[in-house]
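In what follows, a single structure is set out as structure tokens and then discussed.
The values are calculated or read from the model by the stated rules, or taken from the named source; none is laboratory data. All values reported here derive from a predicted model rather than from experimental measurement. Cβ sites come from the backbone with ideal geometry, for glycine too, and all protein chains shown count toward neighbours. Ligands, DNA and RNA are excluded from the accessible area calculation, which covers all protein heavy atoms including side chains. Shrake-Rupley method; radii C 1.70, N 1.55, O 1.52, S 1.80 Å.
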Amino acid sequence: MGKDVIVACDFSSAEETLRFLSAFHGRKPYIKIGMELYYSAGPDIVYKAKEMGCRVFLDLKLHDIPNTVKKTAAVLSRLEVDMTNLHAAGGSQMMRGAAEEIKSAGGKTLLIAVTQLTSTGDEMLKNELLIGAPMEDVVASYAKNAMASGLDGVVCSPLEAGRVHTVCSPSFLTVTPGVRFDEASRGDQTRIATPARAKVLGSDYIVVGRPITAAADPVAAYERCVADFVD
């Protein structure tokens, strides 16, 4: 599967999102609709983005008891998004049930699992989450569980993408947020890389938010990401 840039449309309203997308003048970027936007605008924003020709990664990070996540996955499958996700920390039974629902719907929605958020560093992993293994080993283990559960890939930082492909498969997707240009602020991200570095490290998709959406010229920033990561 080819590499692509996913633009994180972390806006608070449908109007703001559609205004942002209209600036692309016919280009149809792959976009991420996360919790803030989805809880504000609901399923309609998914339909509108799809009508514009955009592929959609619905980033709701499902994490609950297996039965609840399975039923929710059934509902989300009807939206016909291109990709959606859950938390690998929910365990194999939860992931298997969701994967079964997504695949039984007969669509082409990819289901991926969040391993560890890119805002989580080694200190938090050890002292707050009480996980003593190194970050790379934790991410690799979660990825193996996700693959065994029938998922298509994982969310990880670019720093772990190569390890995931090694322990799982080169075709097992790595979707990597935590991507910044060299001159950009780290913000609330801990494990980060530039688009060019993410390409070298083996990311299949990079998810880029504020470096594009908050740029003086978002389209130019997007095109810079594409040039560095895809071209």
Residue 39 vs. criteria out of contact with any Asp or Glu (no Cβ under 6 Å at 6 or more places or on another chain), outside any loop (DSSP other than H, G, I, E, B), open to solvent by 70 Å² or more (accessible area, probe 1.4 Å) and farther than 24 Å from residue 106 by Cα: yes
Filter result (of a type in the set (A, V, I, L, M, F, W, C) and in a helix (DSSP H, G or I)) within the range 12-30: 14, 18, 20, 21
Selection count, the range 96-143, where residues are among the small types (Gly, Ala, Ser) and in contact with a Cys (Cβ under 9 Å, 6 or more places away or on another chain): 2
Selection within the range 109-119 - at pLDDT 95 or above and under 18 Å from residue 157 (Cα atoms): 111, 112, 113, 114, 115, 116
Residues satisfying the stated conditions in the range 50-94, i.e. surrounded by 17 or more Cβ atoms within 10 Å (Cβ to Cβ), assigned to a helix (DSSP H, G or I) and in contact with a helix residue (DSSP H, G or I) (Cβ under 6 Å, 6 or more places away or on another chain): 69, 70, 73, 77, 88, 94
Checklist (1) modelled with pLDDT under 95; (2) open to solvent by less than 30 Å² (accessible area, probe 1.4 Å) applied to residue 106, failing item: (2)
Long-range neighbours under 7 Å by Cβ, at least six apart or interchain, first residue hydroxyl-bearing (Ser, Thr, Tyr) within the range 54-74, second open to solvent by less than 50 Å² (accessible area, probe 1.4 Å): 72/62
